[in-house]
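What follows is a single structure, written as structure tokens, with notes after it.
Only the coordinates and a few stated rules stand behind these numbers; no lab work does. None of these values were measured; they are calculated from a predicted model. For neighbour counting, all protein chains shown are included, and Cβ atoms are generated from backbone atoms with ideal geometry for every residue, glycine included.
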Amino acid sequence: MSASVPGPGGSLVGGPSDPEHDPRASYALEPAYVARLTDRVLATSGTTVPLSSPLDGAPLANIPQSSAADVDEAYRRARAAQKQWARTSLEERSAILLRLHDIVLDRQDEIMDLIQLESGKARKHAFDEPLHIALTARYYARTAHRHLDTERKSGVIPVLTRVEQNRIPKGVVGIISPWNYPFTMALCDGLPALLAGNAVVTKPDAQTMLSALLGAELLEEAGFPRDLWVVVAGPGRELGTPMIERSDYICFTGSTATGKIIAKQCAERLIGCSLELGGKNPILVLRDADIERAAEGAVRATFSNAGQLCVSTERMFVADQIYDRFVERFVARTKAMTLGTAMEWDVDMGSLISQDQLDTVTAHVEDAVAKGATVLAGGRARPDLGPYFYEPTILEGVTPEMTCFGNETFGPVISIYRFHDESDAIERANEGEYGLNAAIYTRDGARGRAIARQIKCGTVNVNEAFGATFASIDSPMGGMRESGMGRRQGSEGIHRYTESQAVATQRLLRFAPQYGLSDRGYAKVMTASLRVLNKLGRA
Ligand code: NAD
């Protein structure tokens, strides 16, 4: 099925409101629409790479590829644009972000269509992306002054030493993003970077360039100058190094293995980086949990975007007392899920993105079953639905020698374990090297929060899967241990893009003997002053 180039709010393909829509039809994009988006890649190499939809394998676009020279030009343009941009007021920048908020909500159908075509995910999971960008844009626009205004600090000598802290933009930020949430992961980290006065050069994942390019178009439509956000395309292994060599800061989201390579290269140049990496996230269902609520949450925690979500759950620990009743409900809900390629709201889970993902998921499940695990639900690929579909899968009896015990599957597969006492569950949840996200289900919120403090994860959700922390933009989001470094969102999510500068203005007294005082006399006066300040309770 082909559709015309959409105007604002239009849909790219037939959907629920289109009576002609055949859910099994092949989806194709209008060439003029594709050209409008791909024109935004800064690429002069003359080579292109074909992009096809995981829903049906149909070709979507040919993506122009950037060379190292193009990366150089991208930074030259971004650097020039940043100099102008740094002179704009916070009011002006915030107003653009608020316009972006409205544009993204207005054009959500087009955004979701493109996300679904490129990633194969279900529409309800695609919706999370414009939602997250709107939340992020509004949060940073409304809190700009709180994060970026010059702040008064206490001076060493009260009244006489006046100290201020400035937040200076880093310059040009390089953003390298993954394919799993192609619209929001390409944009969300860049919004605070722009607000703080930086420019961005971004390299989205090759499998989902169109969603990222639509994001770039919307930024310009909202009012950001075009060269403030430059997009390059190509393999990360080739473009990553030239980007790091030219960036003042790197924001990376992707696998732990790549994150380590990037951290080393940033260390060589002594530039900062934030790394949002993988996870093997636990969910704890305590004995007092509301079973139906926990089962519903567990389905979302595990199978959102077919489990291709950094914060999704792959290990579940359930209290002995409710194990059988809970598992019965969780399995029933999982088996009732609808899978499909239709771009409609009632599909519960879509496709994996690629053959690579399908191979990993298949290998993890086959390995577990061969070593004695039991499949309680799913456990099969579904080529009848699309090339990369895999059923939502629940495994019981997973043991440490199985690959899926400690390795991230990044697919719709969860291992479920019984626990007798909570300290044992906490210890097992903390096993391994990751520490991204956890969920706890209990009727006692205070107990849930107390347990959260003992979990080594950057975000913990009580009675929710992952959305409560992820959508609360005022709260920091990121990983402990091998799940990352630094945080997106909240004040940490914007301060990472600034250099802190302290400016102290000294009045009257110098930091040296004066008025005929000897060095020894000066030391005595200072010592006495310190004692007085301590008695007064000063910091
Ligand atoms: P990946 O590391 O292979 O690729 C991510 C990005 O890095 C892509 O744009 C890729 O082109 C680029 N890249 C690859 N090698 C590079 C190199 N040597 N130098 C510079 N860039 C390079 O990750 P993936 O497999 O595509 O993504 C899935 C992983 O991302 C999972 O582990 C998932 O948990 C993680 N992830 C984490 C978060 C988070 O917020 N913590 C969010 C989404 C995904």
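Under a crude label model (7 Å from the Cα following the beta-carbon direction), how far is Phe127 from Asp324 in nanometres?
3.8
In which sequence would Cys457, Cys310 go, from the one with the fewest C-beta neighbours within 10 Å to the one with the most?
Fewest to most other Cβ atoms nearby, the residues stand as Cys457, Cys310.
Efficiency by 1/(1 + (r/R0)^6): what FRET value for Glu164 and Arg76, r their Cβ-Cβ distance, R0 = 45 Å, to the nearest 0.05?
0.85
Select from the stretch 250-353 those chymotrypsin sites (Phe, Trp or Tyr not before Pro) which occupy a DSSP coil region and have at most 14 other Cβ atoms within 10 Å, ordered by residue number.
Taking the stretch 250-353 and a limit of 14 other Cβ atoms within 10 Å, the loop chymotrypsin sites (Phe, Trp or Tyr not before Pro) found are Trp345.
Report the gain in length on full extension from Arg146 to Ala332: 0.36 nm times residue separation, minus Cα-Cα distance, nm rounded to one decimal.
62.2 nm is the gain from fully extending Arg146 to Ala332.
Note down the net charge around Ser354, summing +1 for each Lys or Arg and -1 for each Asp or Glu among other residues with Cβ under 12 Å from its Cβ.
Overall, the nearby charge balance is -4.
Could you work out how far apart the two model spin labels at Asp356 and Ala539 are, taking each label as a point 7 Å from the Cα in the direction of the beta carbon, and quote it in nm?
The answer from the label model is 4.6 nm.
Given R₀ = 60 Å, FRET efficiency for Asp102-Val525 by Cβ-Cβ distance, to 0.05?
0.50
Relative to a virtual label point 7 Å from the Cα of Arg382 in the Cα→beta-carbon direction, which members of the stretch 93-135 show backbone nitrogen distances below 14 Å?
It comes to 121-123, nothing else.
Just in the stretch 77-125: which GluC sites (Glu not before Pro) are loop by DSSP and have at most 12 other Cβ atoms within 10 Å?
none
Can you give the local net charge around Asp106? Use residues other than it whose beta-carbon is closer than 11 angstrom to its beta-carbon, Lys and Arg +1, Asp and Glu -1.
Result for the local shell: -2.
What net charge do the residues around Asp324 carry, taking every other residue with its C-beta under 14 Å from that of Asp324, with Lys and Arg at +1 and Asp and Glu at -1?
Local charge sum for Asp324: +1.
Quick one: 3J(HN,Hα) in Hz for the stretch 450-459, Karplus 6.51/-1.76/1.60 with θ = phi - 60°, rounded, Gly and Pro as x.
Taking θ as phi minus 60°, the curve returns 5, 5, 3, 5, 8, 8, 8, 9, x, 9 Hz for the stretch 450-459.
Using the crude model of +1 on Lys and Arg Cβ and -1 on Asp and Glu Cβ, and no other charge, please compute the dipole size for the chain relative to its Cα centre, in debye to 20.
Using Cβ point charges on Lys, Arg, Asp and Glu, the chain gives about 3240 debye.
So which trypsin sites (Lys or Arg not before Pro) in the stretch 415-479 end up in coil per DSSP with only 12 or fewer other C-beta atoms within 10 Å?
Passing both the DSSP loop test and the Cβ count: Arg453.
For Glu314, enumerate residues with amide H under 5 Å from its amide H, sequence gap 5+ or separate chain, H modeled in the peptide plane.
Asn281
Please rank Ser491, Ser154, Ser177, Ser53, fewest neighbouring Cβ atoms within 10 Å first, as an exposure proxy.
So the residues, fewest neighbours to most, are Ser154, Ser491, Ser53, Ser177.
Report, in cubic angstrom per residue, the convex hull volume of the C-alpha atoms of the chain.
Spelled out: Cα convex hull of the chain, divided by residues, is 176 Å³.
Treating the Cα atoms of the stretch 164-220 as identical point scatterers in vacuum, please give the log10 of the normalised Debye intensity I(q)/I(0) at q = 0.16, 0.17, 0.18, 0.31 Å⁻¹, two decimals.
Rounded to two decimals, the profile gives -0.48, -0.53, -0.58, -1.28.
How large is ³J(HN,Hα), in whole Hz, for each residue of the stretch 191-202 in order, when computed from phi with the Karplus curve 6.51 cos²θ - 1.76 cosθ + 1.60 and θ = phi - 60°, using x for Gly and Pro?
Each residue's phi maps through the Karplus curve to give 4, x, 5, 5, 4, 7, x, 9, 9, 10, 10, 10 Hz.
What Kirkwood radius, in Å to one decimal, follows from the Cα pairs of the stretch 134-246?
After inverting the mean inverse Cα-Cα distance, the result is 15.8 Å.
Quick one: Kirkwood hydrodynamic radius for the stretch 281-478, alpha-carbon pairs, angstrom, one decimal?
16.8
Provide Rg and Dmax in Å for the stretch 81-187, with only Cα atoms included in the calculation.
18.9, 63
Using the 10 angstrom Cβ neighbour count as an exposure proxy, how do Val231, Val375 rank, fewest first?
Least crowded to most crowded, the residues run Val375, Val231.
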